[in-house]
Amino acid sequence: MGLIFLGASEAQKRTQAPILAQGNIMRLIFLGPPGAGKGTQAAILAQELNIPHISTGDLLRSAIAQKTALGILAQAYLESGELVPDALIMAMMGERLAEFDALGGWILDGFPRNLSQAQALDRLLQILGQSHPQAVNFNVATESLIARMLQQGRKDDNENLIRRRLEVYQEKTTPLINFYKQRRCLIDIDGNLTPEAVNQSIRAKLSLAVPV
Ligand code: ADP
């Protein structure tokens, strides 16, 4: 028998109050290949803006570690560098974005990762009564990406897996650059600079950006 429980969730346990008073709620999507430094930048900016940094990779790895149903279903995809099926990702993100701390803005890192996730995110935001997000696109040379990832050396990252993740990014995720560009809410960032310089350029460009 399948039961669906709706209602009380982890949301109630989170204590950090969202910044509802600020007129300019930041909803940001960080786009860029694996190794581009999105995670580092998302963590820094999220802290500066006092909004949650929502990383699908971290959520999935934590589900795997806790052996939840989602984790068990997702594990093989992460190990092979393929995308986890959209339905699982959308269920996870639908729940996360409806949590209390996500009302005052967020930075999404690793999501959306293909066009259908971007469209599903639009529908989800419409249901939640939230406006379009702003996309921040990290540009980094491919050779630097591989070198950085091997250096970081997450234990599940061997070179073949890294190459596969880069291919999947090229094939599935790069179309999102045009998707958000056409909507005139894409900011391009040079990710080859130092982390401090990248942070400064994101902040500078965000205050100039005019989303439609
Ligand atoms: P990165 O090292 O690029 O930051 P992530 O930690 O974001 O990688 O993601 C690791 C893996 O988790 C991906 O290779 C993929 O298998 C899965 N994953 C993360 N986000 C998504 C998503 N939005 N859709 C499908 N799969 C995802």
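The values are calculated or read from the model by the stated rules, or taken from the named source; none is laboratory data. Bear in mind that the values here come from a model prediction, so they are computed numbers and not experimental data. When we count neighbours, we look across all protein chains shown, and the Cβ atoms used for this are built from the backbone with ideal geometry, even at glycine.
All of (1) out of contact with any helix residue (DSSP H, G or I) (no Cβ under 9 Å at 6 or more places or on another chain); (2) more than 12 Å from the ligand (Cβ to nearest atom); (3) in contact (Cβ under 8 Å) with a residue 12 or more places away in the chain hold for residue 168 with one exception: (2). For the range 98-114, the set of residues classified as over 11 Å from the mean Cα position of the chain (by Cα) and within 13 Å of the ligand (Cβ to nearest atom) consists of 114 only. Restrict the check to the range 63-82 and report whether at least one residue is touching a Ser or Thr at 6+ places or on another chain (Cβ under 7 Å) and on the phi > 0 side of the Ramachandran plot. No, the range 63-82 contains no residue that is touching a Ser or Thr at 6+ places or on another chain (Cβ under 7 Å) and on the phi > 0 side of the Ramachandran plot. Scan the range 72-87 for residues that are near the ligand (Cβ under 8 Å from one of its atoms) and under 17 Å from residue 119 (Cα atoms) and jot them down. Correct list: 83, 84, 85, 86.
Taking the conditions (1) under 30 Å from residue 193 (Cβ atoms); (2) at pLDDT 95 or above; (3) buried (at least 19 other Cβ atoms within 10 Å of the Cβ); (4) not aromatic (Phe, Trp, Tyr) in turn, residue 81 satisfies each one other than (2).
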